[in-house]
Structures are given as C-alpha cells and as structure tokens.
Amino acid sequence: MGGTDALVAAKEAPVPPWFPSALLDAPCEPATFSAGLPSPWGRLHGWDYTVALSPDWWSATKSKGWGAWPDKVTTVTVVAETRAGVVVDLDEGWTAHLYPFPTGKDVSTLALYSAWADALGKAPLLMPVAGLHDDRGDTVVVFPKHACLPASSLKEQTATLAEGLGRLHQTLVAHATPNTERRWNDRLKAMEDGLKSTTLWRASHTKHVVGLPTVEVRLDGVVHTEGDVHFVPQPRSVVDFLLAPAERLPGVAIMARMEQRLALMGAFEGVAQRQAFYETWGKALPPGWTSLASVSTVNGGVWIWRYEAILLMLAEARAYGLADQATQCDRWLLDVSRIQARLGELRTVHAVRKGALYAAVAAALIGSGPLHLPFTFGALSVGFAAHVVHRKRTPPPY
C-alpha cells in the first residue's frame with residue numbers, strides 16, 4: 001500500500017474519543033505522540049500508551065511509579081475509552097486510567113500532597129493509589145477497581161451530584177486561596193482569542209469567590225461506592241490545556257461545567273431546577289459562596305462561569321468534530337451580547353445611583369438655604385429610583 005493510501009486508511013479508521021482528530025492534521029498513531037502533534041492551538045505531546053496494555057510493562061515500570069504500584073499484573077483489559085484516555089482493569093484489584101496526552105499533575109497531586117490527601121479523605125472522591133508521570137504530567141493513574149456509571153444515567157440525579165460536589169468542595173475550604181479575578185479574566189481572554197470568538201466578557205467577583213485546589217470532575221467519572229456517589233478525579237482537558245493557563249478555580253466554576261453538561265442532556269426543565277442545583281451544592285459551604293452578591297450577574301456570579309464552560313465545550317466540539325454540540329454552544333453564545341448590553345445599561349444606572357447618594361450626603365452635610373431640603377430629598381429619590389431599576393433589570397443568576 002502506498003503512503004497516500006495508508007494515510008487515507010488511517011484517517012478512515014475509528015477514532016478514539018480521546019484523540020482530537022478535528023484539531024490535529026495527523027492520524028492516531030501513538031508511536032508518534034512523543035514527537036508532538038501540531039495544532040492551531042499549539043503542539044500537543046503525548047506518549048505511546050499501548051505499551052501499558054502488556055502485563056510485563058507493569059513489572060518493568062515499578063521503580064518509576066509512585067504509590068502502591070501493582071507490579072504483579074497478569075491481565076490488562078481495556079474496559080472503556082473516554083475523553084481523557086483509556087481505562088483498563090488490572091487483574092481483580094485495580095482500575096488504571098491511561099492518559100495518552102498528559103496535561104498536568106492535577107490527579108496525582110491529590111494523593112501526593114499530604115495536606116490535600118488528608119482533607120479529601122472525607123470527600124466523596126475515589127482517591128488514586130499509584131501512578132506514573134513525566135515532565136508534562138500524569139500518564140498513568142491507578143485507582144481501586146471501579147466501573148463508572150453511564151453519563152446518560154445521571155440525568156435524573158442532579159440533586160445527588162450537587163450534594164456530592166458540595167461535600168467535596170467543603171473539605172477543601174481550609175485550602176482556598178483569595179479571589180484572583182484578573183487571572184480568571186485572563187483565562188477567558190485566552191479562550192476567546194484561541195476560538196476567535198466574537199464574545200467578550202469579564203467579571204469583578206466578590207471576596208467570597210475563592211480559588212480551590214484543582215479537583216476536576218466530569219459526568220463520565222462517577223461511580224457508586226458503598227451506596228454513595230463518588231467522583232473519579234479527572235485530568236485537565238486537552239482543550240483547556242492548549243487554550244488557557246492553569247488556574248485555581250472556584251467551586252462554582254466546576255458546578256457550572258457540570259450544569260451545562262447536564263443542561264445539554266435536558267436535565268433541567270426550568271429556572272427552579274437550576275436554582276435548586278446550586279442551592280443544594282451550597283448547603284455544605286460557607287454562606288458567602290452563594291450569597292446574593294456572590295451569585296449576582298453584575299459581579300459575574302454564576303453566568304460568567306457558565307460562559308467559561310460553554311467556551312470549553314465549544315473548543316471540545318471543534319477539536320473532536322462534535323457538530324451538534326458546536327451548534328448548541330454557538331446558539332448559547334448568541335445570548336451573551338444581550339446579557340452584555342443589559343450589564344452595560346446597569347453600569348450607567350449604578351453610576352446614577354451612586355452619584356445621587358453622594359449628592360444627597362454632600363447636601364445634607366454642607367447645604368443650607370431654602371433649596372437645601374428639596375435638593376437632598378430629590379437626590380435621594382433619584383438614587384432610590386435608580387436602585388429599584390438596577391434590581392429589576394439585573395439578569396437573574398439562575
């Protein structure tokens with residue numbers, strides 16, 4: 001077979017869900033991953049994960065791994081392929097996740113950094129017991145044996161998922177870091193630039209919106225363990241890795257990602273269900289995280305993280321050739337201009353409200369003469385009217 005015929009045959013072969021075939025102008029040949037594959041968003045490096053499908057590889061690699069490495073492996077069985085990589089069962093005791101394209105050490109750090117590991121010991125999280133990483137990140141992570149639930153089966157379990165995420169984030173409250181809105185906004189800019197998006201959105205978050213240690217969870221990584229829902233920590237997505245700098249994100253950002261995934265599955269019939277989703281999550285968390293100010297759209301609130309989630313889903317759709325998902329994301333982004341116009345209007349109203357209040361205070365302190373009281377009450381009336389308009393015109397958080 002000629003070179004051209006071989007390339008055509010490779011491109012026509014089934015593409016695994018973890019290979020961004022629409023982004024990479026190259027066939028899925030793991031032996032070539034280490035050299036790097038060029039893409040419009042930067043070069044993507046990987047490793048030949050197929051060597052780990054041999055039982056002998058596990059014994060030969062023991063000295064390089066961390067944790068309770070399963071060195072006496074006799075069988076390796078591929079049980080699933082996900083957006084993150086390949087899932088294999090090792091004998092009777094372990095399930096290993098192989099990440100063909102390492103995107104950081106977020107998963108292994110959860111076990112290797114003792115302070116986080118101790119905190120997460122009380123969380124509904126399936127903790128890794130061993131693994132292997134290189135300079136670019138985690139390549140293999142080993143967990144106790146498990147089987148993830150089908151993502152489609154979680155459509156009716158929104159309350160269970162929200163409650164579980166609330167308990168997970170509650171264990172990390174002591175390790176939260178202060179608001180870094182400038183860097184979060186820089187992430188949005190990087191995504192918009194990479195996607196060549198026509199939208200533009202920035203936010204000024206309240207002090208209660210804080211960064212958490214990175215624990216990425218997704219719908220294709222949920223298991224039932226001892227009658228409870230547990231999450232399998234996931235690596236950073238390939239599109240996130242290529243498009244934007246890594247940052248500690250607030251818990252609401254992870255909630256928004258899950259909400260948008262569930263929404264595309266038709267899990268929410270209306271605003272009330274979405275509100276209940278976030279309120280269930282917030283029950284175990286500091287009140288400030290779900291206060292009116294923190295969730296207000298004027299301060300970014302929930303909407304700014306929904307926006308980030310949609311940008312990532314649009315990037316995923318373009319990278320993996322998901323036409324329907326791309327259409328849904330584009331349709332959602334059409335509403336951003338409407339929300340932005342409303343927020344621009346509210347900034348003007350807020351300026352009037354603030355100016356009227358300052359004028360009333362100044363008049364009360366230094367004013368005199370027959371127009372003193374009418375001017376003060378007039379300024380207060382204008383400020384109150386502007387306040388009412390601001391409250392009514394603010395887009396609801398849910």
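Points to keep in mind about this one:
- Binned Cα-Cα distance frequencies in segment 14-321 - 20 Å width, integer %: 33, 60, 8
- Looking at segment 14-321, the DSSP beta bridges with both ends there are about 95 percent antiparallel.
- Neighbour counting of Cβ atoms within 10 Å sorts the residues TYR278, TYR307, fewest neighbours leading, into TYR278, TYR307.
- Taking amide H positions as modeled 1.01 Å from N, with prolines and chain starts lacking one, the residues under 5 Å from ALA80 and 5 or more places away or on another chain are VAL87.
- Neighbourhood charge, 10 Å Cβ-Cβ cut-off, centred on PRO70 and excluding it, Lys, Arg +1 and Asp, Glu -1: 0
- Vicinal HN-Hα couplings computed from phi for segment 37-54 (Karplus, 6.51 cos²θ - 1.76 cosθ + 1.60; Hz; Gly/Pro x): 10, x, 9, x, 9, x, 6, 10, 9, x, 8, 7, 5, 5, 5, 7, 7, 9
- 3J(HN,Hα) from dihedral phi, segment 106-113, Karplus parametrisation 6.51/-1.76/1.60, rounded to Hz, x for glycine, proline: 4, 6, 5, 4, 4, 9, 7, 8
- Fraction of alpha-carbon pairs over 21 Å apart in segment 1-149 - percent: 49
- The modelled label-to-label distance between LYS122 and LYS62, using points 7 Å beyond Cα along the C-beta direction, is 3.7 nm.
- From the alpha carbon centroid of segment 68-121 to that of segment 203-223 is 21 Å.
- Peptides ranked, highest mean first, by Cβ atoms within 10 Å: ranges 62-69, 160-167, 185-192: 160-167, 185-192, 62-69
- For segment 310-324, putting each phi into the Karplus relation 6.51 cos²θ - 1.76 cosθ + 1.60 with θ = phi - 60° gives couplings of 5, 4, 5, 5, 5, 4, 4, 4, 6, 6, 10, x, 9, 4, 5 Hz, in residue order, rounded to whole numbers and with x for Gly and Pro.
FYI, it's all coordinate maths here, none of it is from the lab. What you see is a predicted model; the values in this text were computed from it and never measured. Heads up, the Cβs are rebuilt from the backbone with ideal geometry, glycines too, and the neighbour counts pull from every protein chain shown.
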